[in-house]
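Below you'll find the structure, written out as structure tokens, and then a few comments.
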Amino acid sequence: MKKLKTVLFIIIAAGLAAACKHRAAETERTPVAVAVMAIDTTGGGLTRTYVGEVEAKESIGLSFATGGKVEKVLVRPGDRVAAGQRLVTISKSTAQNAYNSAKASLDRAEDAYARLKQVHDQGSLAEVKWVEMLTTLEQARAMEQIARKQLEDCALIAPASGVVGECRARAGASLLPGESAVTLLDIHYVTVNFSVPESEVATVKEGDEVHIVVPALDDLRLTGRICERGMNASRVSHSYIVKVELPNPDRRLLPGMVCKVHIHEPDSRGIVIPAKCVQTRLEGQSVWVVRNGQAEQRFVQADEFVANGVLVTHGLQAGDTLITAGMEKLYLNAKVAYTLP
């Protein structure tokens, strides 16, 4: 029985091996259907893509000259305000008392001035007394103006039209002198800021045209020009900040919106192929081409994206037949079946 089982096992194993060889041979003989494209052009502009962020052209931090307890907060972040509009008020009891005292001193000085002027005009007042009176009056006027300004400063007024970006004031809380209460943003014009690696910053110049896409606004497309290129690189990322200024008359662009920035370089040369054709392996980037009716893996250098795919600068040349579909079924020297479009 043991010998019989051994013989049966050998027969079954031999049969399976023969079947596998038959299938492998059959697979090898069956061409893999693929789609191809002929490489016959070497033109193509390079489009570099960066991630940018919208920022207000100007940001104004508003604070109280004298501290105090917040009474009312009249705005919230995102509110649009006009020049001269009240934003926040603080308690004015102390400032009001100071003004009343200064006003009373001014009224007394003006009354004394009116009385002594008559005596001075008649020549009956010593000149030194008249000079003292004028000095006292000027001091009273100055103190009244200072007290009036402090009373007016109990209300934070918008110096220009804009949008409230941040409001730190809270009713009932105390603010220190100079502590920021409201940040006012001017978004009539905005800037799009994006980082450019040091290896590419030499190709970016002021005045270059850029194309911007804003996903938050249904892929709104805008065109602008570079207005500023940073001179100091980030020590962490070794990149430079580049800015594009854009008009924003309808206030649709808001600070913090993320956008894509495309810079086109028409003078770049290479071969443009679909991005799906490039495969990334441990050895590098590669594509499949047809050579003598068989699939051949070709290593390429494809680092840049362009409008219609990627720009290959090394590894392909005019006359090559590039495989664009069916790559997942290929192996080295596999026979392929295709029809040139």
Inverse of <1/r> over all distinct C-alpha pairs of the stretch 25-144, i.e. the Kirkwood Rh in Å, gives 23.5 Å
In Å³ per residue, the alpha-carbon convex hull of the stretch 76-161 encloses 95 Å³
Scattering profile of the stretch 200-281 from the Debye formula, Cα beads only, expressed as log10 I(q)/I(0) at q = 0.17 Å⁻¹, is -0.92
When every protein chain stays in place and a 1.4 Å probe is rolled, I146, I323 sorted by accessible area with the largest first are I146, I323
To the nearest 0.05, the calculated FRET efficiency linking A171 and L340 through their beta-carbon distance, R0 being 56 Å, is 0.15
Computed Rg/Rh for the stretch 238-287 (Cα atoms; Rh = Kirkwood radius) stands at 1.14
Over all pairs of different Cα atoms in the chain, the reciprocal of the mean inverse distance gives a Kirkwood radius in Å of 28.4 Å
Expressed per residue, the solvent accessible area of the chain in Å² (1.4 Å probe) is about 62 Å²
Mean 1/r over distinct Cα pairs of the stretch 56-103, inverted to a Kirkwood Rh in Å, yields 13.1 Å
Percent relative contact order for the chain, counting Cα pairs under 8 Å at least six residues apart, stands at 29 percent
TM-like helix rule applied to the chain (DSSP H, alpha carbon span at least 24 Å on the long axis, mean Kyte-Doolittle at least 0.5) gives none
The base-10 log of I(q)/I(0) that the Debye equation returns for the stretch 201-335 at q = 0.16 Å⁻¹, one scatterer per C-alpha, is -0.94
Dividing the mean separation of Cα pairs under 8 Å (6+ apart) by the residue count of the stretch 208-341 yields a relative contact order in percent of 18 percent
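The values are calculated or read from the model by the stated rules, or taken from the named source; none is laboratory data. All figures in this text were calculated on a predicted structure; none of them were measured in a lab. Cβ: placed from backbone, ideal geometry, glycine included. Neighbour counts: every protein chain shown. Note: areas computed on protein heavy atoms with side chains; ligands, DNA, RNA excluded. Shrake-Rupley method; radii C 1.70, N 1.55, O 1.52, S 1.80 Å.
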